[in-house]
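Peer 1: Take a look at this one; I'll ask things after.
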Amino acid sequence: MKFTKMHGLGNDYVYVNCLEEQVENPSEMARWVSDRHFGIGSDGLILIRRSDVADFEMEMYNADGSRGEMCGNGIRCVAKYVYDHGILRKNHMSVETKSGIKQLELTVEDGKAVYVKVNMGEAVLKPSEIPVQAEGEDFIARQIEAGGRTYTVTCVSMGNPHCVVFTEGIDGMDLEKTGPLFENHPLFPDRINTEFVEVLDDHTLKMRVWERGSGETISCGTGTCAAAVAAVLNGHCPRGEEIEVRIRGGALY
């Protein structure tokens, strides 16, 4: 099987061009290729497929073999792959995902895609649609208990579920211990991705992320969007202005 390994700010996946290759059991394959000691090593597996409703389909699997709905960094790499390999030479393309069709805009230099902007769609705030097992129209600045501590959190879906925690001292956090407490919390029936966010100023956030099924990743596109949405909803950042989110792999805007 031919594969390509790509990353968006260090959020790395193994990509397979399923226009040419066949993957019989993608869930099992994802677990194998993601193993950083005995496999290729990645945050998961992404299959590039034909689509009846968009230019391509992105089928994404986490490192534990579970199917993911959406990956912001992953979809950017899909666009670069199909452009750079001459499969589709368009500066605008559409990609079908489990959470709907996403529109992408490519910046091209010297015949290569160097930047990709993604329209991630409208943030979902209703608990039943995230999902969070709670009543009401949103889950903003609510308290939950995890590991004997009380946290104030905001939950958002960006096509996949996120729990954003504004806190300080994230560099010293033990995410291997804290992350699973949120991922497997009974409030979240589908498990959840968790962002631990420091507000540096009203246009700059710093973030670490624990992804369900993969553990800590050094970048997360949907998590970056969720953090920005939560920052606006909680009054940390202004609406309608650019927000820089600094992650361990770099910065997303």
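The values are calculated or read from the model by the stated rules, or taken from the named source; none is laboratory data. Please read these numbers as outputs of a predicted model, since none were measured by experiment. Glycine gets a Cβ as well: all are built from the backbone with ideal geometry, and neighbour counts include every protein chain shown. These accessible areas exclude ligands, DNA and RNA; they are computed on the full protein's heavy atoms, side chains included. Shrake-Rupley method; radii C 1.70, N 1.55, O 1.52, S 1.80 Å.
Peer 1: Can you name the residue in the range 209-222 that is touching a Lys or Arg at 6+ places or on another chain (Cβ under 9 Å) and part of a strand (DSSP E or B) and, of all such residues, is most open to solvent (accessible area, probe 1.4 Å)?
Peer 2: Residues of the range 209-222 that are touching a Lys or Arg at 6+ places or on another chain (Cβ under 9 Å), as a first pass: 209, 212-213, 216-219, 221.
Keeping just the survivors that are part of a strand (DSSP E or B) gives 209, 216-217.
Numbers: 209: 0, 216: 49, 217: 3 Å².
Here the answer is 216.
Peer 1: Can you tell which of 163, 225 is within 23 Å of residue 129 (Cβ to Cβ), touching a Cys at 6+ places or on another chain (Cβ under 6 Å) and crowded, with 16+ Cβ neighbours inside 10 Å? Before the answer, list the steps.
Peer 2: Working: 225 fails: touching a Cys at 6+ places or on another chain (Cβ under 6 Å).
The conditions single out 163.
Peer 1: Mind checking which residues of the range 9-26 are modelled with pLDDT of 95 or more and open to solvent by less than 30 Å² (accessible area, probe 1.4 Å)?
Peer 2: 12, 13, 14, 15, 16, 17, 18, 23, 26
Peer 1: Hey, another quick one. So which of 29, 70, 1, 6 is open to solvent by 20 Å² or more (accessible area, probe 1.4 Å), modelled with pLDDT under 95 and either in contact with a strand residue (DSSP E or B) (Cβ under 7 Å, 6 or more places away or on another chain) or not polar (S, T, N, Q) (or both)? Give the steps one after another, and end with the answer.
Peer 2: Values: 29 fails: modelled with pLDDT under 95; 70 fails: open to solvent by 20 Å² or more (accessible area, probe 1.4 Å); 6 fails: modelled with pLDDT under 95.
After applying the criteria, what remains is 1.
Peer 1: Does any residue in the range 216-230 that is under 16 Å from residue 192 (Cβ atoms) come within less than 7 Å, Cβ to Cβ, of a residue that is hydroxyl-bearing (Ser, Thr, Tyr) six or more places away or on a different chain, and which pairs are these?
Peer 2: 230/154
Peer 1: Could we say that residue 137 is open to solvent by 10 Å² or more (accessible area, probe 1.4 Å) and either under 24 Å from residue 251 (Cα atoms) or part of a loop (DSSP other than H, G, I, E, B) (or both) here? Step through it out loud before you land on a result.
Peer 2: On the way: open to solvent by 10 Å² or more (accessible area, probe 1.4 Å): yes; either under 24 Å from residue 251 (Cα atoms) or part of a loop (DSSP other than H, G, I, E, B) (or both): yes.
For residue 137, the condition - open to solvent by 10 Å² or more (accessible area, probe 1.4 Å) and either under 24 Å from residue 251 (Cα atoms) or part of a loop (DSSP other than H, G, I, E, B) (or both) - is met.
Peer 1: Still on this structure: Any idea which of 122, 176, 129 is under 21 Å from residue 221 (Cα atoms), in contact (Cβ under 8 Å) with a residue 40 or more places away in the chain and surrounded by fewer than 18 Cβ atoms within 10 Å (Cβ to Cβ)? Let's see the steps before the verdict.
Peer 2: Details: 122 fails: in contact (Cβ under 8 Å) with a residue 40 or more places away in the chain; 129 fails: in contact (Cβ under 8 Å) with a residue 40 or more places away in the chain.
Of 122, 176, 129, the one residue that is under 21 Å from residue 221 (Cα atoms), in contact (Cβ under 8 Å) with a residue 40 or more places away in the chain and surrounded by fewer than 18 Cβ atoms within 10 Å (Cβ to Cβ) is 176.
Peer 1: Could you tell me whether any residue of the range 179-198 is touching a helix residue (DSSP H, G or I) at 6+ places or on another chain (Cβ under 8 Å), surrounded by fewer than 20 Cβ atoms within 10 Å (Cβ to Cβ) and of a type outside the set (Phe, Trp, Tyr)? Break it down stepwise before answering.
Peer 2: Step one: of the range 179-198, the residues touching a helix residue (DSSP H, G or I) at 6+ places or on another chain (Cβ under 8 Å) are 188, 191-198.
If we keep only those that are surrounded by fewer than 20 Cβ atoms within 10 Å (Cβ to Cβ) as well, we get 191, 198.
Next, only the ones that are of a type outside the set (Phe, Trp, Tyr) stay: 191, 198.
Yes, some residue in the range 179-198 is touching a helix residue (DSSP H, G or I) at 6+ places or on another chain (Cβ under 8 Å), surrounded by fewer than 20 Cβ atoms within 10 Å (Cβ to Cβ) and of a type outside the set (Phe, Trp, Tyr).
Peer 1: For the range 228-249, what are the residues that are surrounded by 18 or more Cβ atoms within 10 Å (Cβ to Cβ) and aliphatic (A, V, I, L, M)?
Peer 2: 228, 229, 230, 231, 233, 243, 245, 247
Peer 1: Counting only residues that are in a loop (DSSP other than H, G, I, E, B) and either free of Cβ contacts under 8 Å to residues at least 12 places away in the same chain or out of contact with any Asp or Glu (no Cβ under 7 Å at 6 or more places or on another chain) (or both), how many does the range 92-108 have?
Peer 2: Step one: filter the range 92-108 for residues in a loop (DSSP other than H, G, I, E, B), giving 98-99.
Still in the list and also either free of Cβ contacts under 8 Å to residues at least 12 places away in the same chain or out of contact with any Asp or Glu (no Cβ under 7 Å at 6 or more places or on another chain) (or both): none.
The total comes to 0.
Peer 1: Could you please let me know if residue 144 is in contact with a Ser or Thr (Cβ under 6 Å, 6 or more places away or on another chain), among the hydrophobic types (A, V, I, L, M, F, W, C), buried (at least 17 other Cβ atoms within 10 Å of the Cβ) and modelled with pLDDT of 95 or more?
Peer 2: Working: in contact with a Ser or Thr (Cβ under 6 Å, 6 or more places away or on another chain): no; among the hydrophobic types (A, V, I, L, M, F, W, C): yes; buried (at least 17 other Cβ atoms within 10 Å of the Cβ): yes; modelled with pLDDT of 95 or more: yes.
It is false that residue 144 is in contact with a Ser or Thr (Cβ under 6 Å, 6 or more places away or on another chain), among the hydrophobic types (A, V, I, L, M, F, W, C), buried (at least 17 other Cβ atoms within 10 Å of the Cβ) and modelled with pLDDT of 95 or more.
Peer 1: On the given criteria, is residue 76 surrounded by fewer than 20 Cβ atoms within 10 Å (Cβ to Cβ) and either within 19 Å of the chain's Cα centre (by Cα) or basic (Lys, Arg) (or both)?
Peer 2: Numbers: surrounded by fewer than 20 Cβ atoms within 10 Å (Cβ to Cβ): no; either within 19 Å of the chain's Cα centre (by Cα) or basic (Lys, Arg) (or both): yes.
So residue 76 fails the test.
Peer 1: Looking at the range 109-131, which of the residues that are out of contact with any Ser or Thr (no Cβ under 9 Å at 6 or more places or on another chain) and in a loop (DSSP other than H, G, I, E, B) is nearest to residue 69 (Cα to Cα)? Before you say what the answer is, go through the steps one by one.
Peer 2: Of the residues in the range 109-131, the ones out of contact with any Ser or Thr (no Cβ under 9 Å at 6 or more places or on another chain) are 109-112, 118-119, 122, 127-128.
Adding the requirement that they be in a loop (DSSP other than H, G, I, E, B) leaves 110-111, 122.
Details: 110: 33, 111: 30, 122: 15 Å.
Here the answer is 122.
Peer 1: Here's something else I'd like to know. Would you mind telling me which numbered condition in (1) farther than 19 Å from residue 198 by Cβ; (2) open to solvent by 10 Å² or more (accessible area, probe 1.4 Å) residue 152 fails?
Peer 2: (1)
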